[in-house]
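**Q** Here you go, one structure.
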Amino acid sequence: MTASLHADGTLPASQSSPMSFSGQGREFLRLLITGSLFQIPTFGFYRFWLTTKLRRHLWANTQIEGEAFEYTGTAKELLIGFLIALAVLVPLYVAYAILGVILEEQYAFASVPLVVIMYVLAHFGSYRARKYRASRTMFRGIRFWMKGSGWPYAFRAVLWDLSTVLTLGLALPWAMASLERYRMCNTYFGNVQGDIAGTGWSLFKRGWWVWALGLVGLICFALLAFVLSKLSVGRGERALQVIPFLLILVGLALLPLAMAIFTRWHIDGLRFGDVTAASGFRAGTYYGLFFKLIFSSIGFLVAFGLVGGLLGFLFATVFKGVMTAPECFSWTSVSAGLLVAIGYLIALLGLGVLQRYFLGRGLWAAIVSSTAITNLQSIDAAVAAGEPAGVLGEGLADALDFNVGI
Amino acid sequence: MADAVFYDGESARRRTVSVNVAASALGIHEGPERVASWPVAEVRQREAPNGVVRLMRRGASSLARLDVTDAELQAAIRMSCRHLGDSDRRERTGRILFWSAAATVSILLCVFLLLPILAERLTPLIPISYERRLGTAVDNQVRTIFSGKICEKPRGLSALKVLTARLQNAQNPQVDVDVAVLDSKVPNAIALPGGSIYSRLFWTRRNPSMRSPEFWPMKWVMSLIATGSAR
């Protein structure tokens, strides 16, 4: 694996070093399935260990020129982060409930805007979670780490979200660029500061047509809805109900495209001192993973339905005689309820496994192996700096179910 | 003596070193210079790609790592360092299972044992004014959601008044319930907290499922209201 490296560790000037992902899909799937099954008897507590194991696997198999990253976080840290987040959120929820009653007394649904607090907190948590992850990431014996605080980030994110909504998504490239700049300029590898070379304008130039396509689709459907609502009742009304479904379909079709454009823009812009990155990531890869996820989920649900139906039928026939006896009735109904609950859990966990396998690992591997790093030798001079960050953010993101990646 | 790669945790420089496996310690040498010496009992293995053994020294705050790719050297290290996988000892699955089960039992006990006891003890202590506030809060929402669907025609209201008065006389004359009728397809009724005056009971007038005797008074209400407030 080190054949391409010189004995003294230096590389010729501005040589491009491809990144690679060496993890086996089978290995990841084994971790994922056993971990998911352990979540049933542990009532979900095992997920901290599962997440940590998955991250260790992903980090350790991500290599630049044969040199692997390492994840140094532990499951116990995640557990503590979750408990701290509970300590923050429980008083908040109680205050929320009391304030809600007081406000609702004055005016119906007056407490709904209080959700905004959770939304701001989620942005705060996502920044802190990234900080945690960065400071648990190690390469060549040096830690990544982040400066910056979650509150100014949450403030920016909220303002950008607002302007994105007000401009019907036109501001999105600038929003993403601005937030990414805040994140990357606060990220360090030892004493080497990170940066992002891409701008909002460059992202807009790459992806404006996706936005235009989405907008045209939206306008078309709005016109269609208007026409249909003017038509006589009956058929028009039924067609009207299909429109939101079609809108979601158009959104789903454009989403991988937009995400692929953003990913390429993001990686092409990554800088650490003189180190630059270039991405050959293609939208087709994203669509492939997306379709694999959708079809495997459908396949899983069909198989699950068949097995579940068969088991239910067997259960019903076996216990038909017993059901009539009054003293056994409660036990059979309890065990039937338990079986249904476990089946429901297995269905949910199965879908989670598929999602993490294709969109978590699959996407990670595809992005990593389509990336090349230039001027890697310039980080030889990097000196260790920074401290491990706290765990509150991971806990908040977990408790608020705010998706911040794997 | 075989080659390996050493990262000292201070700089990102990659150092090709030779490793000397002795009974007591791993000697790490860069050329003639000794870089580090790790006691075998403190050497731990970290996650690494297949074919690479990544080692660290336990307890050391630095992020120093030793990457060994040579198979012979890996075997020698496995022979002499007996505690390579020890860091995982405290995170064994059995321990996790036990403590999660304990946590779950504790939560279940709280919900099914402590909470009912607490509710029983605390309910008489909650002031009627607070119950009224709770009731008003939900009442506002119900009135917003079903605005225009609450029966307000004078004939219907007077019929309802007669009915509720009879029901109350037949049961507990202390309780004064405020009843309103909703036009809804869903057979349902909502009783709100708030003591005698602010309690509100909503139900539908198209409820087919009230065949049992205890619903007869309600059925009678329905027929009365149906004639009183025909829409």
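**Q** Can you say whether residue B:96 is in a helix (DSSP H, G or I), under 28 Å from residue A:135 (Cβ atoms) and of a type outside the set (D, E, K, R), as far as the supplied structure shows?
**A** The answer is yes for residue B:96.
**Q** Does residue A:157 satisfy the criteria of being out of contact with any Gly (no Cβ under 6 Å at 6 or more places or on another chain), buried (at least 16 other Cβ atoms within 10 Å of the Cβ), of a type in the set (Gly, Ala, Ser) and within 27 Å of residue A:126 (Cα to Cα)?
**A** In short, yes.
**Q** A further question on this structure: Scan the range A:41-54 and give yes if some residue there is β-branched (Val, Ile, Thr) and out of contact with any helix residue (DSSP H, G or I) (no Cβ under 9 Å at 6 or more places or on another chain), otherwise no.
**A** The answer is no, given that none of the residues of the range A:41-54 is β-branched (Val, Ile, Thr) and out of contact with any helix residue (DSSP H, G or I) (no Cβ under 9 Å at 6 or more places or on another chain).
**Q** Just give me the residues in the range A:45-96 being facing chain B (nearest Cβ under 8 Å), surrounded by fewer than 21 Cβ atoms within 10 Å (Cβ to Cβ) and small (Gly, Ala, Ser), in sequence order.
**A** Passing the criteria: only A:75.
**Q** Sticking with this one: Only one of B:24, B:62 is touching a helix residue (DSSP H, G or I) at 6+ places or on another chain (Cβ under 7 Å), surrounded by fewer than 18 Cβ atoms within 10 Å (Cβ to Cβ) and more than 30 Å from residue A:25 (Cα to Cα); which?
**A** B:24
**Q** Return the residues of the range B:1-21 that are at pLDDT 85 or above, out of contact with any Leu (no Cβ under 8 Å at 6 or more places or on another chain) and not polar (S, T, N, Q); say none if nothing qualifies.
**A** Scanning the range B:1-21 gives B:8, B:10, B:12, B:13, B:15.
**Q** Report yes if residue A:37 is buried (at least 19 other Cβ atoms within 10 Å of the Cβ), touching a residue at least 24 places away in the same chain (Cβ under 8 Å) and either more than 10 Å from every other protein chain (Cβ to nearest Cβ) or touching a His at 6+ places or on another chain (Cβ under 9 Å) (or both), otherwise no.
**A** No: the conditions fail for residue A:37.
**Q** Read through the list (1) surrounded by 20 or more Cβ atoms within 10 Å (Cβ to Cβ); (2) of a type outside the set (A, V, I, L, M); (3) modelled with pLDDT of 90 or more, then give the number of the only condition that residue A:17 fails.
**A** (3)
**Q** Right, another one. Of the residues A:207, A:190, only one is surrounded by 13 or more Cβ atoms within 10 Å (Cβ to Cβ), under 30 Å from residue B:11 (Cβ atoms) and in contact (Cβ under 8 Å) with a residue 24 or more places away in the chain; which?
**A** A:190
**Q** Being under 15 Å from residue A:359 (Cα atoms), aliphatic (A, V, I, L, M) and touching a residue at least 60 places away in the same chain (Cβ under 8 Å) is the filter here, so list the residues in the range A:258-307 that pass it.
**A** Those that are under 15 Å from residue A:359 (Cα atoms), aliphatic (A, V, I, L, M) and touching a residue at least 60 places away in the same chain (Cβ under 8 Å): A:289, A:293.
**Q** Against the condition touching a helix residue (DSSP H, G or I) at 6+ places or on another chain (Cβ under 6 Å) and either facing chain A (nearest Cβ under 7 Å) or surrounded by fewer than 21 Cβ atoms within 10 Å (Cβ to Cβ) (or both), how does residue B:13 come out, does it pass?
**A** Here the answer is yes, as residue B:13 does meet what is asked.
**Q** Further question: What are the residues in the range B:38-49 that are closer than 15 Å to residue B:67 by Cα and away from chain A (no Cβ under 11 Å), if any?
**A** Correct list: B:38, B:43, B:44, B:45.
**Q** Kindly evaluate residue B:125 against the criterion of being more than 30 Å from residue A:139 (Cα to Cα), surrounded by 11 or more Cβ atoms within 10 Å (Cβ to Cβ) and either more than 14 Å from every other protein chain (Cβ to nearest Cβ) or in contact with a Leu (Cβ under 6 Å, 6 or more places away or on another chain) (or both).
**A** no
**Q** Report those strands (runs of 3 or more DSSP E) wholly inside the range B:13-60 carrying at least 1 residues which are within 22 Å of residue A:22 (Cα to Cα).
**A** Passing ranges, in order: B:43-46, B:53-57.
**Q** Starting from the range A:81-95, keep only residues that are closer than 26 Å to residue A:133 by Cα, then list their pairs with residues that are acidic (Asp, Glu) whose Cβ atoms are within a distance under 9 Å, requiring at least 6 positions of separation or different chains.
**A** Final answer for the pair search is A:81/A:394; A:81/A:398; A:82/A:394; A:82/A:398; A:85/A:394; A:85/A:398.
The values are calculated or read from the model by the stated rules, or taken from the named source; none is laboratory data. Worth saying up front: this structure is predicted, and the values here are computed from it rather than measured. Neighbour counts are summed over all protein chains in view; Cβ atoms, including those assigned to glycine, are modelled from backbone coordinates with ideal geometry.
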